1. Quick check, is B:G183 surrounded by fewer than 16 Cβ atoms within 10 Å (Cβ to Cβ) and free of Cβ contacts under 8 Å to residues at least 24 places away in the same chain?
2. Of the conditions (1) under 24 Å from B:K83 (Cβ atoms); (2) assigned to a helix (DSSP H, G or I), A:C139 clears all except one; give me its number.
3. Residue by residue through the stretch B:1-53, note down the ones that are among the charged types (D, E, K, R), within 9 Å of chain A (Cβ to nearest Cβ) and out of contact with any Phe, Trp or Tyr (no Cβ under 7 Å at 6 or more places or on another chain).
4. Inspect the stretch A:110-121 for any residue being closer than 25 Å to B:V13 by Cα and either without any contact (Cβ under 8 Å) to a residue 12 or more places away in the chain or aromatic (F, W, Y) (or both) and give the result as yes or no.
5. Looking at this structure, is B:S114 surrounded by fewer than 23 Cβ atoms within 10 Å (Cβ to Cβ), within 14 Å of chain A (Cβ to nearest Cβ) and within 25 Å of A:I62 (Cα to Cα)?
6. Take the residues in the stretch A:117-131 that are within 21 Å of A:G50 (Cβ to Cβ) and of a type outside the set (V, I, T); name whichever of them is nearest to the other protein chains (Cβ to nearest Cβ).
7. Hey, any hits in the stretch A:53-61 for a residue that's under 20 Å from B:L30 (Cβ atoms) and more than 12 Å from the chain's Cα centre (by Cα)?
8. Has the stretch B:59-73 got any residue that is of a type outside the set (D, E, K, R), surrounded by fewer than 20 Cβ atoms within 10 Å (Cβ to Cβ) and assigned to a loop (DSSP other than H, G, I, E, B)?
There are 2 protein chains.
Amino acid sequence: MNLLKNRIVNEGVALTENILKVDSFLNHQLDPNLMHEVAKEFAHRFEGKGVTKILTIEASGIAPAIMLGYIMQLPVVFIKKKKPSTMENMLEAQVYSFTKQSENTVSISRDFLSADDNIVFIDDFLASGNAVRGVIDICGQVGAKIEALGFVIEKGFQGGGDKLRQEGYRVESLAIVDSLENGEVIFRD
Amino acid sequence: MNLLKNRIVNEGVALTENILKVDSFLNHQLDPNLMHEVAKEFAHRFEGKGVTKILTIEASGIAPAIMLGYIMQLPVVFIKKKKPSTMENMLEAQVYSFTKQSENTVSISRDFLSADDNIVFIDDFLASGNAVRGVIDICGQVGAKIEALGFVIEKGFQGGGDKLRQEGYRVESLAIVDSLENGEVIFRD
């Protein structure tokens, strides 16, 4: 998606060989027009597949996910990173975060995910894929089908996306970054 | 906003005299059409006021805020509840959460808030108003003007909204709940 790649090149900063800072449009400040274009592209890729629900995880996945839900006319559920005190009947999974060097419990209410669901999971970044593993775990607990996994930016060099593809998951990333070495963003063709 | 009030009556659950559970459409599962209607109503109330930016706070404020940003063609910034490891140059404020009985640091990059800004802050709930105090604190640190504070649901009986109004802030809540006693939702006229 060239519009997105141009924004990454023009505004993104390769802080280290692993960290791409895109907080001017994707995960702190949000550009609503870009989020809408991103969602249109996802909708184009996922239309006609019998998707019943969009899943995402707080917080940076919510903006593209709600735009996608609006375009596809589907409900959106955001997975919680902390178990809310006011919720019972939760599905849970453990997720290890390399960035934070800690394990978190992610959770979703059983009221909003079932064996009848065919879901698309949306997130801002795919790196090692640990958060996705939590989503796969949770969907497996109730027998929900995963139609596809959609990411705004995939850090291809961290390998999570290719591993998921090898396992047969449909992974759609709108920009795949294969290297951040020497402060330069190199995209996969 | 009758559409919203009907959803609260039909799907909301008064778990206690203080807690209104609306996780089927507002803060866990999200109804994109309702979020769009909510944003249209906010846009109607805030148009022509010279607003430069929409602020919100992760996570449940993001969906209505990004829809509002799209309609008003304004950037959205979501305030972080944890200080990100990859961000420097942050503005910070302390916020006490009654729900969680703990004090959190909320933060926003100085890159995305300045004395030139005239902001609207959007969140899903207004209760005692502690989170809003953090936002007011942060805006004050750089001299950003607060045009208005917009909430999808205000728990009027917790007093945060009326106190803010008395202090001169423009508070716009699309549904004000004055009581949850006996499991019944009573709206302010």
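1. On the way: surrounded by fewer than 16 Cβ atoms within 10 Å (Cβ to Cβ): yes; free of Cβ contacts under 8 Å to residues at least 24 places away in the same chain: no.
In short, no.
2. (1)
3. Within the stretch B:1-53, B:K21, B:D23, B:K53 meet the criteria.
4. yes
5. On the way: surrounded by fewer than 23 Cβ atoms within 10 Å (Cβ to Cβ): yes; within 14 Å of chain A (Cβ to nearest Cβ): yes; within 25 Å of A:I62 (Cα to Cα): no.
For B:S114, the condition - surrounded by fewer than 23 Cβ atoms within 10 Å (Cβ to Cβ), within 14 Å of chain A (Cβ to nearest Cβ) and within 25 Å of A:I62 (Cα to Cα) - is not met.
6. Filtering the stretch A:117-131 for residues within 21 Å of A:G50 (Cβ to Cβ) gives A:117-122.
With of a type outside the set (V, I, T) added as a condition, the list becomes A:117-118, A:121.
Working: A:D117: 12, A:N118: 16, A:F121: 15 Å.
So the residue we want is A:D117.
7. Quick first cut of the stretch A:53-61, residues under 20 Å from B:L30 (Cβ atoms) only: A:53-61.
Next cut, more than 12 Å from the chain's Cα centre (by Cα) only: A:53.
Yes, some residue in the stretch A:53-61 is under 20 Å from B:L30 (Cβ atoms) and more than 12 Å from the chain's Cα centre (by Cα).
8. For the stretch B:59-73, residues of a type outside the set (D, E, K, R), surrounded by fewer than 20 Cβ atoms within 10 Å (Cβ to Cβ) and assigned to a loop (DSSP other than H, G, I, E, B): present.
Rule-based calculations on the coordinates, nothing more; no lab input. In this text, all values refer to a predicted model and were calculated from it rather than measured experimentally. All Cβ positions, even for glycine, are placed from backbone atoms using ideal geometry, and neighbour counts span all protein chains on display.
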